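Novice: One structure follows; several queries about it will come next.
FYI, it's all coordinate maths here, none of it is from the lab. Since we're looking at a predicted model, the values are computed, not measured. FYI the Cβ positions are ideal-geometry reconstructions off the backbone, even for glycines, and counts take in every protein chain you see.
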Amino acid sequence: MNFEEIKNQAIVQWKALQQSEKTRILIGMGTCGRAAGADDILDVLNRELAQQHIQADIVPVGCIGLCYAEPLIEVIKPGMPSVFYGNLTTELISEIIKDYLINDNPRSDLALGIRGEGTLEGIPNFFDLPVLKPQVRISLRNCGNIDPENINHYIANGGYEGLAKALRMEPQEVIDEVKKSGLRGRGGAGFPTGAKWQFCHDAPGDIKYIICNADEGDPGAFMDRALLESDPHTVLEGMLIGAYGIGASEGYIYIRAEYPLAIQRLRTAIKKMEEYGLIGDDIMGSGFRFHIKIKEGAGAFVCGEETALMASIEGSRGMPRSRPPFPAQSGLWGKPTSINNVETWGNVSAILAKGAEWYAGYGTEKSKGTKNFSLAGKIVRTGLIEVPMGITLREIVYDIGGGIPEGKRLKAVQTGGPSGGFIPERLLDLPVDYESLAQAGSIMGSGGMIVIDEDTCMVDITKFFLTFTQSESCGKCIPCRWGTKQMMDILEDIANGRGRPDDIELLQELAESVKDGSLCGLGQTAPNPVLTSIRYFRDEYEEHIVEKRCAALHCKALISYYILPDKCEGCIICARNCPVQAIEGGKRMVHVIDQDKCTKCGTCLSLCPPKFNAIAKVSGEPVDVPEKPVPVIVEV
Amino acid sequence: MANPSIAQDTQVLPREQEETNEKRLNEILSSYQGKKEELIPILQQVQQAFGYLPEPMMKKIAKFLQLPESTVFGVGTFYAQFKLVPTGRNIVRVCRGTACHVRGSAQILGEVERQLGIKAGETTPDLEYSLETIACFGSCALAPVVVTNGKVHGRMTTPKAREILKKGAR
């Protein structure tokens, strides 16, 4: 079968599915959905449908990005609009089957929204929901819509059209098209993709490689995982187009072993492509030859750096080397190599299919198109989002994310993970583009976006990032190996109340040296959290150093727990559960915490019945309490 | 100094066990060609089969790939995935990613450490439990996350962590 025939067949199948007389239920089965309990939902769904003798097709789909609403299903009943239901439990799913599938009550109280045509009273349009309205879905266009293991679904939705178009063009024209689109590296650094390809294309040599960097190591980012799990073909198609443009006949996907589902989906996808002649020695009958191998990472953050990643593929310790020569000249096994991120590849297929001008119509002057972010931390609607470049952080946090839970105050937004920085509340109107974020001291990064509220201590979270980079430093160059360790020790001192007045300046000085002197991106960017937290939250550092106080009540060495004598009713719950027996007291006696024994684990605070609310967590001034247990004061 | 409260790789295997192990290793190696780039996949497969990388096997892998033993050992210690001591029958992993951190994963880790009586990276002497931290599981939206034997538990709290260890893994 040639591609036209494959496509026609896929479209016929897809249409039949859409117009089916049978009910269809799409269920989000990505890692997030499963972690939220999608497997249990699927079990109940299968069981109840069988018991009630309801004929229905269940289609496992990827992630639509509304992680806060997982587990999530979409119900398409013949003759009715398609309805989304979220935050499902096994009880709710039974109710939906009974009320909507058997009777005709769509349960607007449980529904999230309607997709496509038609309306139902009391249910909003899905894509008009505040979480989705500002979004533009290009790389995520199919996520949650198609079965990621069914290649026909992808093809019926325009898949491999971009490749077909590319193969009718000259390789140079393909590169020019990507250049014209303005696409820049989505791994974080933002190097123009077309230019990168051009270097590799122009480099002398018969054997060239392309690599898909799926070593998503930023602790707080899951965009690439979600894309690979939900729509692997969009990434693979992008790779094929890139390989054709550059002139590579072999490609690697370097993916972290922590993503088993994504790996499995890629393997399934590649197998299907082989069957359809979309991978092999004569792709689409054009004579273009390309093969893909999957390499599983073994757990090293530094392997996200291009030269370290290549060393790892070659079987060595993943240690970077100095550049030049750049990978485009001398990369994998010394051959010209182009390494691009998952999301970059995911955009390429859309650019080729719909044209560079269409793509460049989104975004700002220097940052074109869209960017994926994993929005997490202290935010109401966590999820995977795709937004046009130039959108403000405020729109992301408040319109899409729904603001901060429990009425807390927003403190900062962290972008770029351990390589990025903190952007304070007052800069929230900053547009999201490569230049603006860099100016604020952070980076675009691969797309991790963590929202931080007043309960997070800036010294602690900075220490958290440094602990990470310090342990992930490969140890090859001294500025990174010792500089990160030194910075972490100073932060440790500050958090433990041993900070000295000149520590802030020392940290800044060290940070600048590590930035300038390190060999690769890991070390060069590791100081960013330190520099931005000092730049915007210097008062918190001073509070820890001078007043020995942690206002966020986070740094253990600077906080204490007390039992308030006027509130304690002597119920013994805290004393019985204290893991180190630091609480003294008896029935109807006001309990007392032995401050020397207390390990500040917070168990007493979490267990004290809310009606008493007798545990105080404080920093700075001690609370006046009795030294020994005394009888509970009885109010008269 | 060996710490008696955590597991060590000091097992002396009976002769028969050693022979079966060797047979299994040879089976694994027979699907490879002996190229250097195969080192990491081989180590991954050996670890999957044996739960860790026993020293005698690393020596044999070095011979098979014609690499210095130090290179194999170097790769084995570089990547977080590889373990040089046996792991427990149950593996509890606490995510220490950023999203999990700001939602209290340090407290969850403390609780799991107290419950199991070991620190992160250690295995109980009866080889029942290994406790690991992972940099990020990629399920940030459900933070904090604990993974027991591959099953993901989201939106974790300290009481929920206690419950899981009592019910599932223990």
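Novice: Could you derive backbone 3J(HN,Hα) for the stretch A:485-492 from the dihedral phi with the Karplus parameters 6.51, -1.76 and 1.60 (θ = phi - 60°), listing whole Hz in sequence and x where the residue is Gly or Pro?
Specialist: Result, rounded to whole Hz: 5, 4, 4, 5, 4, 5, 4, 4.
Novice: Moving to a separate point now. What are the trypsin sites (Lys or Arg not before Pro) within the stretch A:105-175 that DSSP puts in a loop, where the Cβ has at most 15 other Cβ atoms within 10 Å?
Specialist: A:ARG168
Novice: Here's something else I'd like to know. Please compute, for peptide A:35-42, the average count of beta-carbon atoms on other protein chains lying within 10 Å of each residue's beta-carbon.
Specialist: Averaged over the peptide's residues, the number is 3.
Novice: If you rank A:LEU227, A:LEU49 by fewest surrounding Cβ atoms within 10 Å, what's the result?
Specialist: Lowest count first: A:LEU49, A:LEU227.
Novice: In addition: Please state the equivalent ellipsoid semi-axes for the stretch A:30-155: what are the square roots of 5 times the Cα gyration tensor eigenvalues, largest first, in whole Å?
Specialist: Over the Cα atoms of the stretch A:30-155, the semi-axes work out to 22, 18, 15 Å.
Novice: Roughly how far apart, in whole Å, are the Cα centres of the stretch A:220-249 and the stretch A:268-282?
Specialist: For the stretch A:220-249 versus the stretch A:268-282, the Cα centre distance is 15 Å.
Novice: Show the residues, 5+ positions off or on another chain, whose built amide H is closer than 5 Å to the amide H of A:GLY369.
Specialist: Distant-sequence amide H within range of A:GLY369: A:TYR362, A:GLY363, A:THR364, A:MET389.
Novice: Could you give me D for chain A, from Stokes-Einstein at 10 °C and 1.306 mPa s, where the hydrodynamic radius is the Kirkwood radius over C-alpha pairs? Units µm² s⁻¹, please.
Specialist: Reported coefficient: 59 µm²/s.
Novice: Please list, in chain and number order, the residues 5+ apart from B:GLY121 or on another chain whose amide H is under 5 Å from its amide H, with Hs placed from the backbone.
Specialist: Residues meeting the criterion, in which the H sits 1.01 Å from N, are B:LEU131, B:GLU132, B:THR133.
Novice: Let me confirm one metric for peptide B:91-104, namely the mean number of other chain beta-carbon atoms within 10 Å of its residues' beta-carbons.
Specialist: Average neighbour count from other chains, rounded to a whole number: 6.
Novice: Sequence gap of 8 or more, or different chains, plus Cα separation below 28 Å: how many lysine pairs satisfy both in chain B?
Specialist: Eligible lysine pairs with Cα atoms under 28 Å apart amount to 28.
Novice: Two decimals is fine: what's Rg over Rh for the stretch B:15-78, C-alpha atoms, Kirkwood radius as Rh?
Specialist: Using only Cα positions, Rg/Rh for the stretch B:15-78 is 0.93.
Novice: When the Kirkwood radius is taken over all Cα pairs of chain B, what Stokes-Einstein diffusion coefficient follows at 4 °C and 1.567 mPa s, in µm²/s?
Specialist: 74 µm²/s
Novice: Mind jotting down the distance between the C-alpha centroids of the stretch A:81-109 and the stretch A:116-181, whole Å?
Specialist: For the stretch A:116-181 versus the stretch A:81-109, the Cα centre distance is 28 Å.
Novice: Can you work out the Karplus-derived ³J(HN,Hα) for every residue in the stretch A:336-351? Use 6.51 cos²θ - 1.76 cosθ + 1.60 with θ = phi - 60°, whole Hz, and x for glycine or proline.
Specialist: My calculation for the stretch A:336-351 gives x, 9, 10, 10, 10, 6, 3, 5, 4, 4, x, 7, 4, 4, 5, 4 Hz in order.
Novice: Among B:ILE118, A:ALA248, A:THR456, which residue has its Cα positioned farthest towards the positive end of the charge dipole of the protein assembly as shown, with +1 placed on the Cβ of Lys and Arg, -1 on the Cβ of Asp and Glu, and the dipole taken about the Cα centre?
Specialist: Checking the options against the dipole of the protein assembly as shown, the answer is B:ILE118.
Novice: Which loop-located trypsin sites (Lys or Arg not before Pro) does the stretch A:468-535 contain, where loop means any DSSP state but H, G, I, E or B and the Cβ has at most 14 other Cβ atoms within 10 Å?
Specialist: The qualifying sites are A:ARG498.
Novice: For q = 0.14, 0.17, 0.19, 0.25 Å⁻¹, what log10 I(q)/I(0) does the stretch A:160-253 give under the Debye formula with an equal point scatterer on each alpha carbon and no solvent?
Specialist: -0.54, -0.79, -0.98, -1.46
Novice: How well do other chains shield peptide A:292-304, expressed as the mean number of their Cβ atoms within 10 Å of each residue Cβ?
Specialist: Mean partner shielding for this stretch: 3.
Novice: Cα centroids of the stretch B:97-142 and the stretch A:566-635: how far apart, whole angstrom?
Specialist: 28 Å
Novice: Helix-only estimate, please: 222 nm mean residue ellipticity of chain A, summing -39500 (n - 2.57) across DSSP H runs of length 4 or more and dividing by its residues, to the nearest 500.
Specialist: -10500 deg cm²/dmol, from helical runs alone.
Novice: Using a cut-off of 19 Å between alpha-carbon atoms, which aspartates and glutamates can reach A:LYS7, once sequence neighbours fewer than 8 places away in the same chain are excluded?
Specialist: Candidates past the 8-residue exclusion: A:ASP147, A:GLU149, A:GLU161, A:ASP231, A:GLU237, A:GLU274, A:GLU275, A:ASP282.
Novice: Also, quick follow-up: Output wanted: per-residue J couplings in Hz (rounded whole) for the stretch A:377-387, from phi through Karplus 6.51 cos²θ - 1.76 cosθ + 1.60, θ = phi - 60°, x for Gly and Pro.
Specialist: Residue by residue, the stretch A:377-387 yields x, 8, 9, 5, 10, 6, x, 9, 10, 10, 10 Hz.
Novice: Continuing with this model, one more query. I'd like the GluC sites (Glu not before Pro) in the stretch A:417-513 restricted to DSSP loop residues with at most 15 other Cβ atoms within 10 Å, sorted by number.
Specialist: Listed in order of number, the matching sites are A:GLU454.
Novice: Sort A:THR193, A:THR90 so that the residue with the fewest other Cβ atoms within 10 Å of its own Cβ comes first and the one with the most comes last.
Specialist: The fewest-first ordering by Cβ neighbours comes to A:THR90, A:THR193.
Novice: Place the peptides A:154-160, B:47-53 in order of packing, highest mean first, counting for every residue the other Cβ atoms within 10 Å and averaging per peptide.
Specialist: A:154-160, B:47-53
Novice: As a test of the formula, what do you get for chain B when each DSSP H run with n ≥ 4 contributes -39,500 (n - 2.57) and the sum is divided by the residue count, at 222 nm and rounded to the nearest 500 deg cm²/dmol?
Specialist: -12500 deg cm²/dmol
Novice: Would you pull out the residues with amide H under 5 Å of B:GLY104's amide H, same chain only if 5 or more places away, H placed 1.01 Å from N?
Specialist: Excluding prolines and chain starts, which carry no amide H, there are no hits.
Novice: Students often get this wrong, so check it: of A:LYS548/A:LYS597; A:LYS476/A:LYS548; A:LYS179/A:LYS295, which have C-alpha atoms separated by over 25 Å?
Specialist: Table pairs above 25 Å Cα-Cα are A:LYS476/A:LYS548; A:LYS179/A:LYS295.
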